[in-house]
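The values are calculated or read from the model by the stated rules, or taken from the named source; none is laboratory data. Predicted, not measured: the structure shown is a model, and the values here were computed from it. Cβ placement follows ideal geometry from the backbone for every residue including glycine, while neighbour counts extend to all protein chains displayed.
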Amino acid sequence: MLRGLNSDMSRLGESYLFSEVAERVEKYRLEHPGVSLISLGIGDVTLPLPCTVVERLIRAAWELGTPEGFVGYGDARGDIELRRAICERYGRRGVHFNEREIFINDGAKGDLGDVCELLGVGGTTLVVDPTYPVYRDASIISHRGLCTVRATEENDYLPTPCGLEVEPMLIYLCSPANPTGAVLTREGLFEWIEFAKLSGSLIVFDAAYEAYITDPTLPHSIFELPEARECALEICSFSKYAGFTGLRCGWCAIPEDSPVNRMWHRRLGARRGGASHLAQQAAIAALSPKGEAECMERVAYYMENARLLRRALEPLDVSVCGGEHAPYLWVKQRGKSVSSWELFELLLHRGGVVTTPGVGFGEGGEGYIRLSSFARREDIIEGAHRIAEIL
Ligand code: PLP
C-alpha cells in the first residue's frame, strides 16, 4: 500500500467539471445516435490560428533545423523579444513594465495554480463563488484553506470585499470573469486593492479575457491602477486572444519592486522549462500589428456570437449576465427552482444543446448554466433557436 499520498486530493470532488460534462454528453450521444448536437459548453476556441501566426511558426520551425537558427534552452523568463512586445502592449494602456517584470509561461492555467506555492504553511486563498475551478482546485491540492465570496444577481455578480472578516493570503480575481462574464470597474478593483493592502494579501489577477472588453472605460489590467504594484500579480494568456489553446503561451506580470518578482524568478529556475520556442515565436507574431488585427477579428467574431445569444435570450424569462465584454453568458431561469444539472439535462435531452452547468463552478452557480460563444456562427444561430424554443 502506498503511504504519504496527498489526502487533500480527495476534497477535489469526483471529477473535473468538463470531464463530467463530456461523459454525460457521450452517454447521450450513444443512446441517441443521429441527433445533431450543438456545443455551447466548453470554453475552447473554434477558429483556426491567424495566418501571421502560422507563417511565423513555419519559419521558426525551419530555422530550428539550421545551425544559425537553432536554439535550445531559453531564458527562464522567456524570449526577450516577446517580453518586450508584451511591455509595449501594456505601454499602450499607460501601464509601464520592463522586461524583467514579465515571465512567459506555457498558458495561464499552470501559473494560476502554481502561485499557491508562493504561500507559506497554512495560507488561505479567497475565491469568488462561482469561479474558474482551477483556483479552487489548486488551493486544495496545495493544502490551502479556502474562503469564498458570492457573486450573485443582487451584487451584479461582482462581490466586493466590504465587510469581509477574513484575511486571505491570496485573492484570485478574474475580470472579465469566467463563468459569469462580469467585469470589474476601476472603482471595484480599487476596493479589492485597498482590502489586499490592509490585509497583507496578494491579488492574483486573471486577465485571460481582457481582449473581449469593449467599453474603453473598463480596466484591462489591474496595473492600470498603480496602487496594484504593491499587492498584485497578473496572469494573462494568448489562448482566447489568439487561439493558442493548443499552442500554449501566456505570461505573468510581476512588478520588480515586489518581493514576489524574485521569488517567482527563482521558482521558475527550479521548477519550469518555460514555453516552447515555437509557441513564443508565434506569440510575437500575434502581437505584431498585422497579427493583432487578425486576432481582434476573431475576438469580434466571438463577440458577435455572444450578441446573437443575448438577443435570443432577451424575450425569455431568464436572467442573463455577460456576453457584452466576455465570451460567456451566465443564465438562469426566473421564478423556477431548477438545478444546474437539471437545466443542463433539459437542454441536452430536449434540444441537443450542450451547456456547462453553473454548479460546476461552485455552489454559488447552482441553478445557472454557462453558454459559451466560442462556437461556429451556424451552431450559435441553431443553438440559440433551440434554447429559445425550450425555455
Ligand atoms: N483563466 C481563465 C479564467 C480561463 O477561463 C482559462 C481557460 O479557459 C484560463 C485561464 C486558461 O488559459 P490557458 O489556456 O492560457 O491555460
key: Failed item in (1) away from the ligand (no atom under 16 Å from the Cβ); (2) under 24 Å from A326 (Cα atoms); (3) surrounded by 13 or more Cβ atoms within 10 Å (Cβ to Cβ), with A76 passing the rest   = (2)
ask   = Pick from segment 10-41 the residues that are touching a helix residue (DSSP H, G or I) at 6+ places or on another chain (Cβ under 6 Å) and over 15 Å from V359 (Cα atoms): which of them is surrounded by the most Cβ atoms within 10 Å (Cβ to Cβ)?
value = L40
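Yes or no, residue by residue, for (1) free of Cβ contacts under 8 Å to residues at least 12 places away in the same chain; (2) touching a strand residue (DSSP E or B) at 6+ places or on another chain (Cβ under 9 Å); (3) among the polar types (S, T, N, Q); (4) not in a loop (DSSP other than H, G, I, E, B):
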{"residue": "R3", "(1), (2), (3), (4)": "yes, no, no, no"}
{"residue": "M9", "(1), (2), (3), (4)": "no, no, no, yes"}
{"residue": "F18", "(1), (2), (3), (4)": "no, yes, no, yes"}
{"residue": "E23", "(1), (2), (3), (4)": "yes, no, no, yes"}
{"residue": "K27", "(1), (2), (3), (4)": "yes, no, no, yes"}
{"residue": "V35", "(1), (2), (3), (4)": "no, no, no, no"}
{"residue": "G43", "(1), (2), (3), (4)": "no, yes, no, no"}
{"residue": "L47", "(1), (2), (3), (4)": "no, no, no, no"}
{"residue": "T52", "(1), (2), (3), (4)": "no, no, yes, yes"}
Matching helices (runs of 4 or more DSSP H) fully within segment 199-304 where at least 2 residues are modelled with pLDDT under 95, more than 17 Å from L82 (Cβ to Cβ) and more than 16 Å from the ligand (Cβ to nearest atom) = 259-271
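Which ones in segment 89-108 are assigned to a helix (DSSP H, G or I) and either touching a helix residue (DSSP H, G or I) at 6+ places or on another chain (Cβ under 6 Å) or in contact (Cβ under 8 Å) with a residue 60 or more places away in the chain (or both)?
R89, Y90, E99, R100, E101, A108 - these are the residues of segment 89-108 that are assigned to a helix (DSSP H, G or I) and either touching a helix residue (DSSP H, G or I) at 6+ places or on another chain (Cβ under 6 Å) or in contact (Cβ under 8 Å) with a residue 60 or more places away in the chain (or both).
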task = Under 7 Å between Cβ atoms, at least 6 apart or on separate chains: pull out the pairs that start in segment 314-331 with a residue that is acidic (D, E) and end on any residue that is part of a strand (DSSP E or B).
result = D317/Q333
message = Let me confirm something: among P168, P159, which residue is more than 16 Å from the ligand (Cβ to nearest atom) and crowded, with 24+ Cβ neighbours inside 10 Å?
response = P168
message = Tally up the residues in segment 91-125 that are more than 16 Å from the ligand (Cβ to nearest atom) and within 22 Å of S201 (Cβ to Cβ), please.
response = 11
inquiry  = Here is a check on your reading of the model: is H385 in a loop (DSSP other than H, G, I, E, B) and at pLDDT 95 or above?
reply    = no
